[in-house]
Amino acid sequence: MSNEGTPQITRRTTRSSSAAVSINAAETSKTRISNVPTINDLAFDQEPINKDDLFSSFPGRRTQILELLHLLGPSNSPMLPIFIYGAASTGKTSIILQVFRHLKRPFVYSSCISCYSPRILFESILDRLLLHKKSDANGYSSAKRCEKPADFVNFLREALINIINNINSNSVNLSSDKLAGRPNGKMIYLIFDNLELVRDWDKSSTMLPFLFNLHNILKMPEVGLIYVSGTTPDTYYSSMGYIEPIPVYFPDYTEDALREIFMRNQANRKLYSSFLNAVLRPFCRVTRRVDALSIVFSSLYKVYCEPLKDLGIVPNEDMKRRLFAHLQPRITPFLNGIFRVPSQTSVEVEGNKKARWKNDAEKSICEGFEKVDFHMSASAKYLLISAFLASRNPATLDASMFDSTGGCSSHKRKRKASEKSMEQKEIAEQELLMRGPGTFPLERLLAIFQCITSVAEYSSSEEEEGSNGLGVEGSSSELMSDVLLQLSSLCNANFVTKGGNCPLEGSIRYRSTVSEELAMKVARSLRFPLSKYLYRR
Amino acid sequence: MGFCTMMTIVHLRTYLLMVTCVRLLTVQEIARQLCVEHQLVFSKMASFDENSQFIVSMLRECGLAHKTIIFVLDEFDLFAQGKQRVLYSLLDAMQSVTSQGVVIGISCRLDADQLLEKRVRSRFSHRKLLFLPPSEEDLDRLLENILYLPTDTDFPCEYTDEFNGKLKNILMDGRLKDIIHAYLNSNSTVNSLLRFLFLAVSYMDVESGFLSLENFKTAFSSMQRQPKMESIKDCSILELYLLVCMKRLEVKEQSSYNFNSVMKEYKSVHDSFQTSDHYSQDVCLRAFENLLQRELICFADNRGYGQSLEFRPVKLLISHAELHQGMKSYRSCPAVLLKLMDR
């Protein structure tokens, strides 16, 4: 069957997809025409904003925005590369993009998160400069194949010259009113975001100097380069000489700036302001990151407003005091859960739980659920517990721990603690803090697993006759294959990691990385007495 | 322009070519540039041998036609890694009678010629040109050259004269000389001077259209960066607590410590001082991760061997003096922390 528009890669098609293609041919050809990118796409296509809007949408960033505007200069002024740096969530990316929206100048933005290798970075920049869009027609391929920096420079120079000529000729031909919809100026800017990730690339020793030297290599005054990084400039070391870009520093927000940020778009400003008076200072002692604070404040605000029946009222002094008294005891648990993100309930479930929703959000932040909030099969849970025990208990005690009686609390001999043993205990504790959970070979894990499940089966079969939900069959070979599969999924979930190889034994050793808290939760869900099996010094 | 037809310049930027097949790429790049210069068609599909033969024949042709080829190797010390085959073959090609060529190597390293192998060094003429940072007179000339408005532009005459006149006063001002000397103390290259001047010009008041001494002062102060101090000022109070606890562990001469040991110290600080800033393990772990992101601390081991975050050894990336200084200039630093630092 023939396909509409010859793809460059021949693909096998099913009958239904080819039929669908022929039906939609007319529509796709129409959309194909309108989807070809033009020079206008290089600038922001939203409504431009004026300077005051720019300042008001970013409270506390007036200095930085002014600095950027100074460095970018009036239209068509060449610039030296700029290096914008600051901690996470300080507004670097959004501000530079909005500044370009305000200035209405064409730019090409690439982030080193989505362009995670040199080839993807180069090709994505070239695609946009060559006004090439990946679509069905060209098989979703880039305009040019470009892996090496040398090729990139050549292609980039050609593409930039093309674009600049394009801009120049268009601005000559069109009249002034048609120019209104077009980007300003004859310069084009390249923005490289998340530059700190380039340091971890394989080719970082050549990529970083290359990127910083791009200004010198291109020697084109019509091109402006802007680097955005989450780490300070002194973390980029190089033995090469290059013009260091001009640094623009974005400090973390001050408390006053945070207050302005959170007050934006609030329906009831007076009420929210009294809320912020109560919570902003204590929470800022932990962190001043906007992303963390906004999540916790939105849940906490709901708690704050609980006594109010009407959310639109303006509180007087007396009411403020009452609301504060209501909020006060909840602040500490929220502080301790400040970085937890509440799990999103699905739409259907939410309908049922609407009445309890406020409590759930609070609970999920404060208490982090007493139950394990993800699903694991029973055998996986037992495996997790066995891994935890194998990592925590020394191997020499296995025989006494897991004997037929199950549990070892009766074996603990109370001895008077002498000074030497106290010292030894302290040293051992220190070692445990430093070393972390131990490694164990696969055989030991399976041995513990079998002991535990046989005990559990014995006890559960005492409670319920016959029926057990464990799936532990009589034949050991079936048990093994199931367990090995479960082990690999535990490894994928990072509950168990592969430790280093022991050169003498040659077998892989594993290590459990779950916290005692999680192991307790899992054990509780199985009604397994974990503390009896845990060796405590 | 007789000189231009007599010389062909091949500019090799070594850092662009330092990928896996250096020789292949270098030869390809040389061939490409030669083709561009002499208006020949360059084929990307040409093999290494074809390109090398082409270069050799070009050298011979240019030699016969009394044209020189100048090879400029930017950062050639990168070629000096490994077996130096590129350098050897290039310099060897220069040795033949027919070729008329010069190889000029540029490097930031003063000892770049020491890196050369014996066989390469024997073909090297040992001529070195040292480029020093600008002297006092050079500096004055540079400033004038860069900053003065040329008279043959579109600007009105009166404006240019007034601009240059005001600029002259600033350049004669002793305070400006102090600023520039102070700036060049830290980085005396021409590039960095250019950077400083660009910054000063960008602060120019667009309304009046004239440079002022204030612009230079502002540029100077915005160049005075202390990134670690800035990072410390950005920290939250909990993060400062963690840093101080790590410092105390170092003072106690604990050779290696991890998050758990820091937490132990943190708890003991809280127990002895009854601070109001005692938070749960989860919160402290996230603050710890924030510190890692800010690069104020880092892991002391290289790979981690699958250890989770709490057990990997860490170390401080700032000195005690820096931490102390940062905390003193920190707004509303808790008195407890300052007291702990003084011990």
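The values are calculated or read from the model by the stated rules, or taken from the named source; none is laboratory data. Because the structure is predicted, anything quoted here is derived from the model rather than measured. Heads up, the Cβs are rebuilt from the backbone with ideal geometry, glycines too, and the neighbour counts pull from every protein chain shown.
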Check your understanding: Within the stretch B:216-229, is there a residue that is under 22 Å from A:Ser77 (Cα atoms), more than 20 Å from the chain's Cα centre (by Cα), more than 11 Å from chain A (Cβ to nearest Cβ) and not in a helix (DSSP H, G or I)?
Key -> no
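Among the residues of the stretch B:7-26 satisfying the criterion of being β-branched (Val, Ile, Thr) and crowded, with 21+ Cβ neighbours inside 10 Å, which is farthest from the other protein chains (Cβ to nearest Cβ)?
We begin by selecting, within the stretch B:7-26, every residue β-branched (Val, Ile, Thr); these are B:8-10, B:14, B:19-20, B:22, B:26.
In the following step, the residues that additionally are crowded, with 21+ Cβ neighbours inside 10 Å were identified as B:10, B:14, B:26.
Values: B:Val10: 13, B:Thr14: 10, B:Thr26: 10 Å.
Per the stated criteria, the residue is B:Val10.
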Point to revise | Selected residue (criterion: nearest to B:Asp161 (Cα to Cα)) from residues of the stretch B:186-215 that are in contact (Cβ under 8 Å) with a residue 12 or more places away in the chain, aliphatic (A, V, I, L, M) and more than 8 Å from chain A (Cβ to nearest Cβ) | key: B:Leu211
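Scan the stretch B:208-221 residue by residue and report those that are among the polar types (S, T, N, Q) and surrounded by 18 or more Cβ atoms within 10 Å (Cβ to Cβ). Write out each step before concluding.
Kept after step one, since they are among the polar types (S, T, N, Q), are these residues of the stretch B:208-221: B:208, B:212, B:215, B:218, B:221.
Within the stretch B:208-221, just B:Asn215 meets the criteria.
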Practice item. Identify, from the list A:Ala325, A:Ala292, the residue that is within 30 Å of A:Gly91 (Cβ to Cβ) and either crowded, with 20+ Cβ neighbours inside 10 Å or aliphatic (A, V, I, L, M) (or both). Key: A:Ala292
Study note, to complete from the structure: Among the residues of the stretch B:28-43, the number that are touching a residue at least 12 places away in the same chain (Cβ under 8 Å), within 14 Å of another protein chain (Cβ to nearest Cβ) and part of a loop (DSSP other than H, G, I, E, B) is 0
Check your understanding: Restricting the search to the stretch A:237-279, which residues are within 14 Å of chain B (Cβ to nearest Cβ), of a type in the set (Asp, Glu) and in contact (Cβ under 8 Å) with a residue 40 or more places away in the chain?
Key -> A:Glu244, A:Asp252, A:Asp256
Practice item. Can you tell me which residue within the stretch B:242-281, out of those that are touching an Asp or Glu at 6+ places or on another chain (Cβ under 6 Å) and within 11 Å of chain A (Cβ to nearest Cβ), is surrounded by the most Cβ atoms within 10 Å (Cβ to Cβ)? Key: B:Phe259
Check your understanding: Would a scan of the stretch B:75-84 turn up a residue that is in contact (Cβ under 8 Å) with a residue 24 or more places away in the chain, farther than 30 Å from B:Ile179 by Cβ, small (Gly, Ala, Ser) and in contact with an Asp or Glu (Cβ under 6 Å, 6 or more places away or on another chain)?
Key -> no
Review point. Can you tell me which residues in the stretch B:307-332 are surrounded by 15 or more Cβ atoms within 10 Å (Cβ to Cβ) and either among the aliphatic types (A, V, I, L, M) or over 34 Å from the mean Cα position of the chain (by Cα) (or both)?
Key: B:Gln307, B:Ser308, B:Leu309, B:Glu310, B:Phe311, B:Val314, B:Leu316, B:Leu317, B:Ile318, B:Leu323, B:Met327
Review point. Out of (1) within 13 Å of another protein chain (Cβ to nearest Cβ); (2) surrounded by fewer than 14 Cβ atoms within 10 Å (Cβ to Cβ), the odd one out for A:Pro282 is which?
Key: (2)
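For the stretch A:217-236, does any single residue satisfy the condition of being of a type in the set (Lys, Arg), assigned to a loop (DSSP other than H, G, I, E, B) and more than 12 Å from every other protein chain (Cβ to nearest Cβ)? Can you show your working first?
So the first thing to find is which residues in the stretch A:217-236 are of a type in the set (Lys, Arg), and the list is A:219.
This time we only want the ones that are assigned to a loop (DSSP other than H, G, I, E, B), so: A:219.
Subset that is more than 12 Å from every other protein chain (Cβ to nearest Cβ): none.
No; the residues of the stretch A:217-236 include none that is of a type in the set (Lys, Arg), assigned to a loop (DSSP other than H, G, I, E, B) and more than 12 Å from every other protein chain (Cβ to nearest Cβ).
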Check your understanding: Quick one: is B:Asn290 facing chain A (nearest Cβ under 9 Å), under 25 Å from A:Tyr237 (Cβ atoms) and surrounded by 20 or more Cβ atoms within 10 Å (Cβ to Cβ)?
Key -> yes
Practice item. Read through the list (1) of a type in the set (S, T, N, Q); (2) at pLDDT below 80; (3) exposed (fewer than 14 other Cβ atoms within 10 Å of the Cβ), then give the number of the only condition that A:Gln430 fails. Key: (3)
Study note, to complete from the structure: Counting only residues that are among the polar types (S, T, N, Q), free of Cβ contacts under 8 Å to residues at least 24 places away in the same chain and under 19 Å from A:Ile163 (Cα atoms), the stretch A:96-146 contains a total of 2
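Looking only at the stretch A:114-163, which residues are touching a strand residue (DSSP E or B) at 6+ places or on another chain (Cβ under 7 Å) and under 21 Å from A:Gly185 (Cβ atoms)?
Kept after step one, since they are touching a strand residue (DSSP E or B) at 6+ places or on another chain (Cβ under 7 Å), are these residues of the stretch A:114-163: A:121, A:124-125, A:128-129, A:160, A:163.
Result: A:Ile125, A:Arg128, A:Leu129, A:Leu160, A:Ile163.
Could you grab me the full set of residues in the stretch A:181-202 that are in a strand (DSSP E or B) and more than 18 Å from the chain's Cα centre (by Cα)? Quick ask: steps written out before the conclusion?
Initial filter on the stretch A:181-202 (in a strand (DSSP E or B)): A:188-193.
Across the stretch A:181-202, the qualifying residues are A:Ile188, A:Tyr189, A:Leu190, A:Ile191, A:Phe192.
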Check your understanding: Can you tell me how many residues in the stretch B:244-301 are in a loop (DSSP other than H, G, I, E, B) and of a type outside the set (A, V, I, L, M, F, W, C)?
Key -> 14
Practice item. Have a look at B:Leu199, B:Leu143 and point out the one that is under 31 Å from the mean Cα position of the chain (by Cα), at pLDDT below 90 and of a type in the set (A, V, I, L, M, F, W, C). Key: B:Leu143
Review point. Which of the residues spanning the stretch B:63-94 are in a loop (DSSP other than H, G, I, E, B), basic (Lys, Arg) and under 32 Å from the mean Cα position of the chain (by Cα)?
Key: B:Lys83
Study note, to complete from the structure: By residue number, the members of the stretch A:288-310 that are at pLDDT 90 or above and among the β-branched types (Val, Ile, Thr) are A:Val290
Practice item. Those residues that are within 14 Å of another protein chain (Cβ to nearest Cβ) and surrounded by 14 or more Cβ atoms within 10 Å (Cβ to Cβ), I need them from the stretch A:517-535; list them, please. Key: A:Leu518, A:Ala519
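In the stretch B:333-343, which residue that is away from every other protein chain (no Cβ under 13 Å) and surrounded by 14 or more Cβ atoms within 10 Å (Cβ to Cβ) is modelled with the lowest pLDDT? First the steps, then the outcome.
So in the stretch B:333-343, the residues away from every other protein chain (no Cβ under 13 Å) come out as B:335, B:338-343.
From what's left, surrounded by 14 or more Cβ atoms within 10 Å (Cβ to Cβ): B:338, B:340-341.
Details: B:Leu338: 84, B:Leu340: 84, B:Met341: 81.
In this case the residue turns out to be B:Met341.
Just name the residue that is surrounded by the fewest Cβ atoms within 10 Å (Cβ to Cβ) out of those in the stretch A:236-267 that are of a type in the set (S, T, N, Q) and either closer than 30 Å to A:Lys219 by Cβ or modelled with pLDDT under 90 (or both).
Looking only at the stretch A:236-267, we keep the residues that are of a type in the set (S, T, N, Q), and these are A:238-239, A:254, A:265-266.
Still in the running and either closer than 30 Å to A:Lys219 by Cβ or modelled with pLDDT under 90 (or both): A:238-239, A:265-266.
On the way: A:Ser238: 14, A:Ser239: 11, A:Asn265: 7, A:Gln266: 14.
It comes out as A:Asn265.
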Exercise for review: Check off (1) under 29 Å from the mean Cα position of the chain (by Cα); (2) at pLDDT 90 or above; (3) surrounded by fewer than 18 Cβ atoms within 10 Å (Cβ to Cβ) for B:Arg303 and give me the number that stays unchecked.
Suggested key: (2)
Check your understanding: Here are some residues: B:Val97, B:Val103. Which one is aliphatic (A, V, I, L, M) and over 36 Å from the mean Cα position of the chain (by Cα)?
Key -> B:Val97
Review point. Does at least one position in the stretch A:375-390 carry a residue that is modelled with pLDDT under 75, closer than 30 Å to A:Val303 by Cβ, surrounded by fewer than 19 Cβ atoms within 10 Å (Cβ to Cβ) and under 30 Å from the mean Cα position of the chain (by Cα)?
Key: no
